[in-house]
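Scroll down for the structure; my scribbles are underneath it.
The values are calculated or read from the model by the stated rules, or taken from the named source; none is laboratory data. What you are looking at is a predicted structure, and each value in this text was computed from that prediction instead of being measured. Counting neighbours? That spans all protein chains shown, and the Cβs are built from the backbone with ideal geometry, glycine included.
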Amino acid sequence: MTNTRPRPKVMTLTEAAADRVRSIMANADKHIAGLRVGVKNAGCAGMEYTLDYADSADPLDDVVEDQGVTLFIDPKAVLFLLGTQMDYKVDKLSANFVFNNPNQTSACGCGESVAISPASEAQLKTFEKPVQLS
C-alpha cells in the first residue's frame, strides 16, 4: 500500500481571521474565489504583506484551504510566508489582519512594514513535495 505524506500548509488562519475573510467575501459585489496573499518590497523595514481579492488561482499559486477559506499564495512569497499564521485583531481604534510570521526578523515603528528572511533550510524540509510511504 502506497500513501503520501500530507504537505504542511504554507499559512494557516485563526478563527477570527477566517470569520473576517468569510464576511468580506460574502459582502463582495462579485464572486471572489479567495484572497491572494503576498509580500512586496516597501516601507522603511523592507517589505509589506499584500492581500487582494482573487477570482481564481494563478497556475503557480500555492493554494491553501483552511477553515473554509481559500488563500492563493503568490509563488514569490512562499519562502517568506512558510509557517505564518494570519490573525484578525480588533482594538479600540483599529481592526486589521496580523501576520504571526516566524520568518519576520523586525518591523518598523509604525507597523506598516517588516523585515522578513526566507525560510530556513530546516523549515523547507517540512514543506518538500509529498514522499511516497509504503
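Descriptive notes on the structure:
- The set of residues in segment 88-108 being within 10 Å of the chain's Cα centre (by Cα) and among the acidic types (Asp, Glu) is empty.
- Residue 127 vs. criteria aromatic (Phe, Trp, Tyr) and at pLDDT below 65: yes
- Of the residues in segment 75-85, not one is over 11 Å from the mean Cα position of the chain (by Cα) and within 15 Å of residue 22 (Cα to Cα).
- Of all the listed residues (17, 26), the sole one being of a type in the set (A, V, I, L, M) and in contact (Cβ under 8 Å) with a residue 24 or more places away in the chain is 17.
- All conditions but one from (1) out of contact with any strand residue (DSSP E or B) (no Cβ under 6 Å at 6 or more places or on another chain); (2) over 25 Å from residue 105 (Cβ atoms); (3) at pLDDT 90 or above; (4) not basic (Lys, Arg) apply to residue 91; the one that does not is (2).
- In segment 1-46, residue modelled with the lowest pLDDT [restricted to those that are crowded, with 18+ Cβ neighbours inside 10 Å, in a strand (DSSP E or B) and aliphatic (A, V, I, L, M)]: 39
- Condition met for residue 58 (part of a loop (DSSP other than H, G, I, E, B) and among the acidic types (Asp, Glu)): yes
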